[in-house]
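S.K.: Got a structure for you, written out below as structure tokens; questions coming shortly.
No value in this document is a laboratory result; all are computed from the given coordinates. Worth saying up front: this structure is predicted, and the values here are computed from it rather than measured. When we count neighbours, we look across all protein chains shown, and the Cβ atoms used for this are built from the backbone with ideal geometry, even at glycine.
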Amino acid sequence: MRGKRLQRRTAWVPAEVYPPSFRGERKEKKIVLGHGAGGMKMHRLIERVFLKYFGNPLLERLEDGAILNFNPGGGELCFTTDSYVVKPLFFPGGDIGKLAVCGTVNDLAVLGAVPGYLSLSFILGAGLEMAVLERICATIARMKEKAGVEIVTGDTKVIEGAGGEVYINTTGIGVRRPGTKLGAELIRAGDMIVINGGIGEHEAAIAISRGADSGGYRLKSGLKSDCAALHRMIQAVLECGGVRVIRDPTRGGLATTLNEWCRFSELGLLIAEERLLVSRAVQGVADLLGLDPLYMANEGKVVMVVAPERAETIVKTMQRFAEGRKARVIGEVVREPKGVWLKTRLGSLRRLLMLEGEQLPRIC
């Protein structure tokens, strides 16, 4: 989203930038290479699509960056970046735009930060329908308002050989209050493992919609992605105290996140199969495609390790939010055995190793 200010003229943009024919030109219906070339096509795209949905005083300057005046007040600045390549672009429960906002907001939230600002960069395939781009931007506009964040800078590129594709890169900035400490190195034996609901819903929803789009398997299911912004729930939990570490188990799922924590701890993480919530729809997709729900991606779940004396309070706090109504304790931290283990319903132990490779590509 680069270029000079267009229709809403300001004193620092010379009037001769605007050709007389600009306003009367026919609205383009598809993305072409010229939309990423820096000329009038790109300017029209910025004005007619991006500023239409994301316009604010910082973004409307259309500079190569933004000067942010949010006065951390002694808090710690938190920074994250992510890219989104999900296929298909639209799926039950969301689309790539919703993923981009929620995913970035959640990555800040699990650091203990209150999200404030996002950058948003698009890589568009030549031939993309303009209506598709507008639909995605409309979702982003709704989600940023719901999350209470602003988009303050961005960029647009158009590439050939990727007709109809959309890729989004984001950066997020937030602030966490002084003294907040989170990290796997703080985990202690006896701590509880808590999650805010069922697992595998996002990857299962992607699998269903991808099969339908390709003309392959068609499954009837009310399953939707769990994609959601979790920062308000997480902030409420942090106010309870006793939180050691937080993560959103996206790619690689719950088992991979737990294994990542074990790299920083000499302890074991033991989860109970009977405490895990896996819906019949998710289990059905997993069985059909040979997937394991423990390794399936989530986009609206957060898993945390908490002090045992605070576990009940934290679960009740999560349950006050729509995204946490099914929150529960699913396991505990133990001295032995080390590593990540699943206690099955039969009472045996199954070792959960780090996911090798991927189960389903382009899920986020």
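S.K.: Convex hull over the alpha-carbon atoms of the chain: what's its volume per residue in Å³? Walk me through the numbers on the way to the answer.
M.R.: Details: hull volume 51.3 nm³, N = 364.
Spelled out: Cα convex hull of the chain, divided by residues, is 141 Å³.
S.K.: Then there's this: Counting Lys +1, Arg +1, Asp -1, Glu -1, what net charge surrounds residue 332 among other residues with beta carbon under 15 Å of its beta carbon? If you can, show how the numbers build up before the last one.
M.R.: Working: positive: 188, 244, 275, 310, 328, 335, 338, 343; negative: 191, 273, 274, 309, 312, 336.
Every neighbour counted, the sum reads +2.
S.K.: Among 144, 338, which comes first, then next, by fewest other beta-carbon atoms within 10 Å?
M.R.: Values: 144 23, 338 13.
Placing the least packed residue first, the sequence is 338, 144.
S.K.: So, one more: Can you list the residues, at least 5 places off or on another chain, whose amide H is less than 5 Å from the amide H of residue 230, using H built in the peptide plane?
M.R.: 106
S.K.: Using the structure shown, list the pairs from 41/157; 144/316; 98/224; 87/224; 30/52; 224/301 with a Cα-Cα distance above 23 Å, or answer none. Could you put the intermediate results ahead of the total?
M.R.: Details: 41/157 12 Å; 144/316 27 Å; 98/224 13 Å; 87/224 15 Å; 30/52 17 Å; 224/301 13 Å.
Correct reply: 144/316.
S.K.: Could I ask something else about it? Return one quarter of the surface area of the convex hull spanned by the alpha-carbon atoms of the range 117-192, equal to its mean projected area, in nm².
M.R.: Values: hull surface 33.8 nm².
With every direction weighted equally, the projected area is 8.5 nm².
S.K.: Restricting things to Cα coordinates, could you compute the convex hull volume per residue of the range 15-176 in Å³? Walk me through the intermediate numbers first.
M.R.: Working: hull volume 18.3 nm³, N = 162.
Convex hull of Cα atoms, per residue: 113 Å³.
S.K.: Taking +1 at the Cβ of each Lys and Arg and -1 at the Cβ of each Asp and Glu, which of 271, 305, 231 sits farthest along the dipole of the chain towards its positive end, judged by Cα position relative to the Cα centre?
M.R.: Value computed over the given set: 231.
S.K.: Once you compute Rg and the Kirkwood Rh from C-alpha atoms, what is the Rg to Rh ratio for the range 184-351? Please report the intermediate quantities before stating the final value.
M.R.: Values: Rg = 16.1 Å, Rh = 16.3 Å.
Ratio value, two decimals: 0.98.
S.K.: Could you tell me the calculated FRET efficiency between residue 56 and residue 351, based on Cβ-Cβ distance and R0 = 35 angstrom, to the nearest 0.05? Before the final figure, lay out each step's value.
M.R.: Numbers: r = 50 Å, r/R0 = 1.43.
So the FRET efficiency works out to roughly 0.10.
S.K.: Right, another one. At 222 nm, what value in deg cm²/dmol follows for the chain if DSSP H runs of at least 4 each add -39500 (n - 2.57) and the sum is divided by all its residues, to the nearest 500? Before the final figure, lay out each step's value.
M.R.: On the way: 9 runs with 91 residues, N = 364.
Using -39500 (n - 2.57) per qualifying helix, the result is -7500 deg cm²/dmol.
S.K.: Using the count of nearby Cβ atoms within 10 Å as a rough guide to exposure, how do 60, 299, 309 rank from fewest to most?
M.R.: On the way: 60 17, 299 28, 309 11.
Going from least to most buried by this count: 309, 60, 299.
S.K.: Checking the cross-link filter: which aspartates and glutamates have an alpha carbon closer than 13 Å to that of residue 343, excluding same-chain neighbours under 8 positions apart?
M.R.: Partners found: 273, 274, 332.
S.K.: For the residue pair residue 272 and residue 76, what label-to-label distance in nm results when each label sits 7 Å from Cα along the Cα-to-beta-carbon direction?
M.R.: Inter-label distance under the simple model: 3.3 nm.
S.K.: Alpha carbon centre of the range 39-117 versus the range 341-364: separation in Å?
M.R.: 33 Å
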